[in-house]
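S.K.: Below are the structure tokens for one structure; questions will follow.
The values are calculated or read from the model by the stated rules, or taken from the named source; none is laboratory data. The shown structure was predicted, so the numbers you read here are calculated from the model rather than taken from an experiment. Glycine also receives a Cβ, built like all others from the backbone with ideal geometry; neighbour counts cover every protein chain displayed.
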Amino acid sequence: MKNQIFVLLFASFMISSNAISVEQVDRMTKGVHKCKGIVNASDEDFDLAVHKKLEDITTRPGKCLIGCVMMVLDIVTEQDGEYLLNEKGWLDFVIEASNKDVHKVKKMLEISAECEKTIDHHDECELAYIAVKCQKNGIAEHGLDVDLGI
């Protein structure tokens, strides 16, 4: 029940801030619940993800929760044992997260290209964690008003 309340609050915030669409919130909500069980994430990991406290996620299951949700959202794909950012899935997500602001999309894609250099493509958990953390840091450094939802 506690997790459901957090997800509903999270979804409400995301809808009200127009950061991502209702459809993506629905997919993310379902993904978080599904992924929590798959990766054996703790309630604490779940709460940290929902409350956008990425920097406090230190456990492998917590990082895998992020990776699993990114796979559910088609942001990360697996190909021949390597985990890659799905360019189309990421672009669609970036466009929605930036409210279709061309300047923000361009900057976020530039940030993504830099972040791509720091990613371990053999570990979906680390890939997701590092990619999101790097992207959030880049967004903050550039002063962009964009909410990735985590």
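S.K.: Got at least one residue in the range 48-55 being outside any helix (DSSP H, G or I) and either within 11 Å of the chain's Cα centre (by Cα) or more than 20 Å from GLY31 (Cβ to Cβ) (or both)?
M.R.: Keep residues of the range 48-55 that are outside any helix (DSSP H, G or I), which gives 51-53.
With either within 11 Å of the chain's Cα centre (by Cα) or more than 20 Å from GLY31 (Cβ to Cβ) (or both) added as a condition, the list becomes 52.
The answer is yes; a qualifying residue exists.
S.K.: Here is a further query. For the condition surrounded by fewer than 17 Cβ atoms within 10 Å (Cβ to Cβ) and either more than 13 Å from the chain's Cα centre (by Cα) or within 24 Å of GLU23 (Cβ to Cβ) (or both), what is the one hit in GLY37, GLY138?
M.R.: Details: GLY138 fails: surrounded by fewer than 17 Cβ atoms within 10 Å (Cβ to Cβ).
Within the list GLY37, GLY138, the selection yields GLY37.
S.K.: In addition: Tell me, yes or no, whether the range 124-133 has at least one residue that is touching a Leu at 6+ places or on another chain (Cβ under 9 Å) and surrounded by fewer than 18 Cβ atoms within 10 Å (Cβ to Cβ).
M.R.: Checking the range 124-133: not a single residue is touching a Leu at 6+ places or on another chain (Cβ under 9 Å) and surrounded by fewer than 18 Cβ atoms within 10 Å (Cβ to Cβ).
S.K.: Restricting the search to the range 39-63, which residues are touching a Cys at 6+ places or on another chain (Cβ under 6 Å) and under 20 Å from ASN137 (Cα atoms)?
M.R.: Correct list: LYS63 only.
S.K.: Same structure again: With the requirement that a residue be in a helix (DSSP H, G or I) and closer than 11 Å to ARG27 by Cβ, what does the range 72-88 give you?
M.R.: Filtering the range 72-88 down to residues in a helix (DSSP H, G or I) leaves 72, 87-88.
Once the filter is applied, which keeps residues that are in a helix (DSSP H, G or I) and closer than 11 Å to ARG27 by Cβ, the range 72-88 yields only VAL72.
S.K.: Which of the residues spanning the range 75-94 are surrounded by fewer than 16 Cβ atoms within 10 Å (Cβ to Cβ) and farther than 14 Å from LEU127 by Cα?
M.R.: ASP80, GLU87, LYS88
S.K.: Identify all residues within the range 48-65 that are touching a Phe, Trp or Tyr at 6+ places or on another chain (Cβ under 6 Å) and at pLDDT 85 or above; write none if there are none. Give the steps one after another, and end with the answer.
M.R.: As a first pass, look at the range 48-65 and keep what is touching a Phe, Trp or Tyr at 6+ places or on another chain (Cβ under 6 Å): 50, 63.
Hit for the range 48-65 is LYS63, nothing else.
S.K.: I'd like the full set of residues that are surrounded by 13 or more Cβ atoms within 10 Å (Cβ to Cβ) and among the β-branched types (Val, Ile, Thr), limited to the range 40-66.
M.R.: Answer for the range 40-66, where residues must be surrounded by 13 or more Cβ atoms within 10 Å (Cβ to Cβ) and among the β-branched types (Val, Ile, Thr): VAL50, ILE57, THR59, ILE66.
S.K.: Going through the range 56-71 one residue at a time, which ones are assigned to a helix (DSSP H, G or I) and either within 19 Å of SER112 (Cβ to Cβ) or under 14 Å from the mean Cα position of the chain (by Cα) (or both)?
M.R.: Let us first name the residues in the range 56-71 that are assigned to a helix (DSSP H, G or I), namely 56, 60-71.
Hits for the range 56-71 are GLY62, LYS63, CYS64, LEU65, ILE66, GLY67, CYS68, VAL69, MET70, MET71.
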